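Report on one structure; see the data block that follows.
Nothing in this text is a laboratory measurement; each read-out follows from the coordinates by a stated rule. Every value quoted in this text rests on a predicted model; they were computed, and no experiment measured them. Cβ coordinates were reconstructed from backbone atoms using ideal geometry, including for glycine residues, and neighbour counts include every protein chain displayed.
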DNA sequence: CCACGGTCGGCAACAAGCTGCCATCGCTGT
DNA sequence: ACAGCGATGGCAGCTTGTTGCCGACCGTGG
């Protein structure tokens, strides 16, 4: 993964860590995008960012874009606010479909691939045109994304009833039954469900179930 | 958790391990029930059973009951067969709703509770009437369950198309679109979906999505 | 060849889910 | 008091999902 190699595939988290951790110490600009919180890049990026924050706060611009699903769970929403407050990270929320991405100084891009054989593969891209292309895509997402606090304010109400709605959805009960159990009309229950599905970025209930599980909401 | 204490609550996997690992070495009868493979009790139970198998094979009866979802993934299905062949474990499949349970010698029962605060709590029950009650429930499930090979033979066809069906379900596409992509009629696609939902024990597509994600199928 | 069993796929009836519409209600501000 | 706004919930039309039915087709065995 040295100069001359435009794209290299790295298999597994450990290898990626070995090859990239120095970047957190040297980069002046780090930009991340992810669907959820439980992924390697953002887990480790947060750990490394802790060290970075202590050592280099003020000298590095950190940006993160997430999907709204991360705000449904109050604990993870709070975690995001902490990251923003502690590290000075700029955090925005987008409803766009995201590929897990991390950019260093507009010079190196890491894209997460699929999980295969129990290990996730990552594309580490250093070729400058490609990095520029990915960066411009990231910037477009960034521009259209909503500031964390603004989005969070809009989602606070959804968050309140979400655990109960998700629990009932996870039990497989019909809307009419679920609504009755919550003391709501069916129309209102379905509104809540639709809001959750929007927040999860899901087009079907199956997909919503997958997403909710991924995010640890059920 | 000594004599006189009928039910004790243990929080977290580490504590449970500390308190129960000796049982794997001394018990002559171990019976487990679970929905999937990725839970502590059965993960560690398998590790401990490895040691047990080497040291005590022939001196301990091991029984496990699972839900059919574990057979959808060919890798985990194979893993089950290996456990059965290597350890002489008797494995059956049930479509009944299961609580994660492990029984030692009809004298001690462990029931998994909910995940709370990031840690799962377990009820460790030594009170004999309660253990008998749980045991009899287990025996009822065991009796009505189907032998691994028999069930597996019935599920082999489902398994074949499952990855593709699950992938499309996970993308949120409509049945008509998914059927077309697979080159099937809608009626047949829906048959495949219904079979998967049965195997997952799901009553709704949301629930199926959750289950599928839990089992690592998507 | 025929009979039988199993699967597929179109069709249709029904249920469940999605969402717009609108009347009603409660709350807030003037 | 009234006006305005937002949320609720019933209703209804539409879409999507569920499942039975049945004819067609294929493979197998006698």
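I'd like the Kirkwood hydrodynamic radius of the protein assembly as shown, using the inverse of the mean 1/r over distinct C-alpha pairs, in Å.
Numbers: mean 1/r = 0.0412 Å⁻¹.
Final number for the Kirkwood radius of the protein assembly as shown is 24.3 Å.
Dimensions of chain A along principal axes (Cα, Å, largest first)?
Reported extents, whole Å, longest axis first: 62, 39, 27.
I need the Kirkwood Rh of the range B:116-161: take the reciprocal of the average 1/r across all distinct C-alpha pairs and report it in angstrom. Display every interim value, and only then the final one.
Details: mean 1/r = 0.0716 Å⁻¹.
This gives a value of 14.0 Å.
In what order do B:123, A:76 fall by count of nearby beta-carbon atoms within 10 Å, going from fewest to most? Don't skip to the end; give the middle numbers.
Values: B:123 16, A:76 19.
Ranking B:123, A:76 by Cβ neighbours within 10 Å, fewest first, gives B:123, A:76.
Quick check: the angle from helix B:128-144's long axis to the longest principal axis of chain B, C-alpha only, nearest 10 degrees?
Taking the Cα atoms of chain B, the angle to B:128-144 is about 30 degrees.
Can you pull the semi-axes for the range B:154-214, root of five times each eigenvalue of the Cα gyration tensor, sorted largest first, whole Å? Walk me through the numbers on the way to the answer.
Numbers: eigenvalues 57, 37, 20 Å².
Each semi-axis is the square root of five times an eigenvalue, giving 17, 14, 10 Å.
Once both labels are modelled 7 Å past Cα along the beta-carbon direction, what's the residue A:99-residue A:78 spacing in nm?
Each label point is offset 7 Å from its Cα along the Cβ direction, giving 3.6 nm.
Suppose we keep just the DSSP beta bridges with both residues in chain B; what percent of those would be antiparallel, to 5?
On the way: 21 of 31 bridges.
Just about 70 percent of them are antiparallel.
On C-alpha positions alone, give me the angle between the axis of helix A:13-26 and the longest principal axis of chain A, in degrees, nearest 10.
70
Any chance you could check the Cα centroid distance between the range B:127-205 and the range A:62-111 for me, in angstrom?
A separation of 36 Å, based on Cα centres.
When averaged across all projection directions, what area in nm² does the alpha-carbon convex hull of the range B:76-183 cover?
Values: hull surface 40.1 nm².
Hull-based average projected area comes out at 10.0 nm².
Could you give the angle, 0 to 90 degrees to the nearest 10, between helix B:205-214's Cα long axis and the longest principal axis of the Cα atoms of chain B?
50
Antiparallel as a % of all DSSP beta bridges within the protein assembly as shown, to the nearest 5? Walk me through the numbers on the way to the answer.
On the way: 42 of 62 bridges.
The antiparallel fraction comes to roughly 70 percent.
Using Cα pairs under 8 angstrom and six or more residues apart, how large is the relative contact order of the range B:154-214, in percent?
Details: 33 pairs, mean separation 16.1, N = 61.
Once normalised by length, the contact order is 26 percent.
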